[in-house]
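A.B. asks: Can you keep this structure in mind? I'll have questions shortly.
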Amino acid sequence: MSRLGTWVPAGPEERLDRMESLAAIRQLPYRYALGLDSRDMDALVDLFVPDVRVGKDRAGRAALRDWFVQVMRGPRSSIHFIGNHIVDFDDADHAHGVVYCRDELERVESGEWEIGTIQYWDRYVRVDGEWCFAQRKFHRWYLVDALTRPSHGAGVNTGSDPLPAGQLPEALPTWEPFWSSAGAE
């Protein structure tokens with residue numbers, strides 16, 4: 001396994017394709033952030049596969065657009081700053097990754113400006129030559145008013161953020177094993 005995942009290209013053409021694919025995949029989170037922050041819902045949903053799952057019983061970009069419109073009417077303004085982005089290729093047309101994000105949300109109703117940290121766990125697939133999100137799982141360390149000192153899990157799944165989130169760092173699969181074996185060494 002290489003540092004770019006389990007798939008190893010067979011020759012120069014596949015290696016070049018993987019490099020171009022990596023560049024295309026890395027654009028997805030940046031364009032996602034711009035779509036959210038500019039409220040360009042059409043550009044945002046075009047980043048996803050046409051048959052994207054939306055909740056338990058809906059699918060498709062139109063359903064996703066409806067969902068994003070509803071969610072993004074909560075904060076008046078938002079800023080999503082993309083940081084680290086790790087991409088692992090499963091094969092030439094499938095990859096997965098982790099994206100770090102610092103977000104800020106203007107809450108007019110409460111007079112607060114919230115800040116938070118997010119990790120997205122993504123799956124990517126190439127559809128008709130274009131890389132798309134197949135799935136994004138949302139995890140958070142915290143979401144608090146900018147004047148509040150963050151603490152572990154502060155604001156996660158408490159109501160100000162309409163998105164249910166996995167709690168970080170506990171959601172990381174290596175977290176609990178590290179701490180449970182720390183005393184054994």
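Read-outs throughout are calculated quantities, based only on the coordinates presented, and are distinct from any laboratory measurement. Note that the structure is predicted; figures quoted are calculated from it, not measured. Virtual Cβ from ideal backbone geometry, glycine too; neighbours counted across all protein chains shown.
A.B. asks: Once the other residues with Cβ under 14 Å from the Cβ of Gln167 are scored (Lys, Arg +1; Asp, Glu -1), what is the net sum? Mind dumping the intermediate values first?
C.D. replies: Working: positive: Lys137, Arg140; negative: Asp161, Glu170, Glu176.
With Lys, Arg at +1 and Asp, Glu at -1, the net is -1.
A.B. asks: Tell me, what are the semi-axes, in whole angstrom and largest first, of the equivalent ellipsoid of the range 89-135 as set by the roots of 5 times the Cα gyration tensor eigenvalues?
C.D. replies: For the range 89-135, the semi-axes come out at 33, 12, 6 Å.
A.B. asks: Please turn the phi angles of the range 16-27 into ³J(HN,Hα) values with the Karplus equation 6.51 cos²θ - 1.76 cosθ + 1.60 (θ = phi - 60°), one per residue in order, whole Hz, x for glycine and proline.
C.D. replies: With the stated coefficients, the range 16-27 comes to 4, 4, 5, 5, 5, 5, 4, 4, 5, 5, 5, 6 Hz.
A.B. asks: Considering only DSSP beta bridges whose two residues both sit in the chain, what percent are antiparallel, to the nearest 5?
C.D. replies: Around 90 percent antiparallel, to the nearest 5.
A.B. asks: Give the long-range amide H neighbours of Asn157: residues separated by 5 or more places, or on another chain, with amide H under 5 Å away, using H modelled in the peptide plane at 1.01 Å from N.
C.D. replies: Placed amide hydrogens put Ala165 under 5 Å from Asn157.
A.B. asks: 5 Å is the cut-off here: which amide hydrogens, built 1.01 Å from N in the peptide plane, fall below it relative to Val52, excluding neighbours closer than 5 in sequence?
C.D. replies: Gly60, Arg61
A.B. asks: Quick one: 3J(HN,Hα) in Hz for the range 79-95, Karplus 6.51/-1.76/1.60 with θ = phi - 60°, rounded, Gly and Pro as x.
C.D. replies: 9, 10, 9, 7, x, 4, 9, 9, 10, 10, 8, 8, 7, 5, 10, 9, 8
A.B. asks: How large are Rg and Dmax for the range 12-184 when calculated on the C-alpha trace, in angstrom?
C.D. replies: 17.3, 56
A.B. asks: Arrange Arg126, Arg73 by Cβ neighbour counts within 10 Å, fewest through most, would you? Before the final figure, lay out each step's value.
C.D. replies: Numbers: Arg126 19, Arg73 10.
The fewest-first ordering by Cβ neighbours comes to Arg73, Arg126.
A.B. asks: Mind sorting Phe48, Phe138, Phe178 by how few other Cβ atoms lie within 10 Å of their own Cβ, fewest first?
C.D. replies: Phe178, Phe138, Phe48
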